[in-house]
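Only one structure is covered here, and it is reproduced in the block below.
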Amino acid sequence: GSRIEIKNWSYRYPLNDAWAVEDLTLNVAAGEKVLLTGRSGWGKSTVLQAIAGILGSADEGGESRGSITIDDTPALQARGRVGLILQNPESQVIFARVQDNATFGGENLGVEREEILTRTEEALHTVDLDAEHGISPQRLAQHLSGGQTQRLAIASIMVMRPDVIICDEPTANLDPDGVQCVVDAIADAARQTGATLLVVDHNVQAWDGIVERRIALGEQVDFEDYAGRYASTR
Ligand code: ADP
Ligand code: ADP
């Protein structure tokens, strides 16, 4: 896993007067598992997208200050090392068959074919989308449930062997069973890849026992986290 360092980072979307995030400083240690909470509109999604390197490029027209680095590499240049799981997996599950959705991230990174197939088999097993659970790699992805589709997106990220896994409301559209399956799959994915895990999710309790630290963005009073340290965001 990689260290994430956010230093005095601010971001303003194009054509907006207000800053979406202002002067955020936050560090996540290599391999650490962290849950970020904070009121709606605080800027959590904005921060996660910036860490994933999909927001903040100069040609996009927004304005940013400060820095976000992944092991000292600016986030914009570390894209291939960060896997992103979103609320809506349909935007990431784009091929007809389960197998093709699991492999394409690795293909984009230029991973060797044999290696991709090995990783894919292992990843689909980890997220319970395998023969043992009655799911063939040739199954049509459109016939999967919401939770299964999210787990397929997680498998796809695993095949990329990311240094960081970022999840933005990964359980938002799921029933309670689906929530726990997805949370467990993400925890397994982080464990197996050794990736640093940063999650924003409203289902806070579902992450008990998985995350090591909870950071409440914008809280007036710093609180003691699970590990007995103090989280400070401002
Ligand atoms: P959160 O994830 O904590 O709910 P967001 O990062 O989604 O917060 O939003 C932070 C602020 O940035 C909000 O004021 C929101 O309206 C604004 N914002 C988010 N996305 C965009 C966008 N694409 N264009 C302009 N403003 C945006
Ligand atoms: P208000 O109650 O005035 O609406 P806000 O909702 O803007 O206050 O903020 C609530 C808390 O979150 C405050 O502690 C504020 O310092 C913090 N906060 C809000 N937005 C940000 C941001 N973009 N960056 C860092 N801290 C923030």
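The values are calculated or read from the model by the stated rules, or taken from the named source; none is laboratory data. The structure displayed is predicted, hence computed values, not measured ones. When we count neighbours, we look across all protein chains shown, and the Cβ atoms used for this are built from the backbone with ideal geometry, even at glycine. What goes into the accessible areas is simple: the full protein's heavy atoms, side chains included, and nothing from ligands, DNA or RNA. Shrake-Rupley method; radii C 1.70, N 1.55, O 1.52, S 1.80 Å.
For the range 62-78, residues that are within 16 Å of ligand 1 (Cβ to nearest atom), open to solvent by less than 40 Å² (accessible area, probe 1.4 Å) and touching a helix residue (DSSP H, G or I) at 6+ places or on another chain (Cβ under 8 Å) total 2. Taken together, ASP17, ASP23, ASP59 contain a single residue that is among the acidic types (Asp, Glu), surrounded by fewer than 17 Cβ atoms within 10 Å (Cβ to Cβ) and near ligand 2 (Cβ under 9 Å from one of its atoms), which is ASP23.
Take the conditions (1) under 13 Å from the mean Cα position of the chain (by Cα); (2) at pLDDT below 95; GLN150 misses just one of them, which is (2). Only one of the numbered conditions (1) open to solvent by 40 Å² or more (accessible area, probe 1.4 Å); (2) within 22 Å of PRO170 (Cβ to Cβ); (3) touching a residue at least 12 places away in the same chain (Cβ under 8 Å); (4) away from ligand 2 (no atom under 12 Å from the Cβ) is violated by ALA52, and that is (1). Picking from residues in the range 26-46 that are of a type outside the set (Gly, Ala, Ser) and within 9 Å of ligand 2 (Cβ to nearest atom), the one that is modelled with the highest pLDDT is THR46. When you look at LEU117, is it in contact with a Pro (Cβ under 7 Å, 6 or more places away or on another chain), assigned to a helix (DSSP H, G or I) and modelled with pLDDT of 95 or more, yes or no? Answer is no for this residue.
Filtering the range 10-29 to residues that are of a type in the set (D, E, K, R) and within 10 Å of ligand 1 (Cβ to nearest atom) leaves only ARG12. Just one of the listed residues (ARG119, ARG97, ARG81) is surrounded by 13 or more Cβ atoms within 10 Å (Cβ to Cβ), under 25 Å from LEU174 (Cα atoms) and basic (Lys, Arg), and it is ARG97.
Using the structure shown, decide if LEU86 is within 12 Å of ligand 1 (Cβ to nearest atom) and in contact with a Cys (Cβ under 9 Å, 6 or more places away or on another chain). Here the answer is yes, as LEU86 does meet what is asked.
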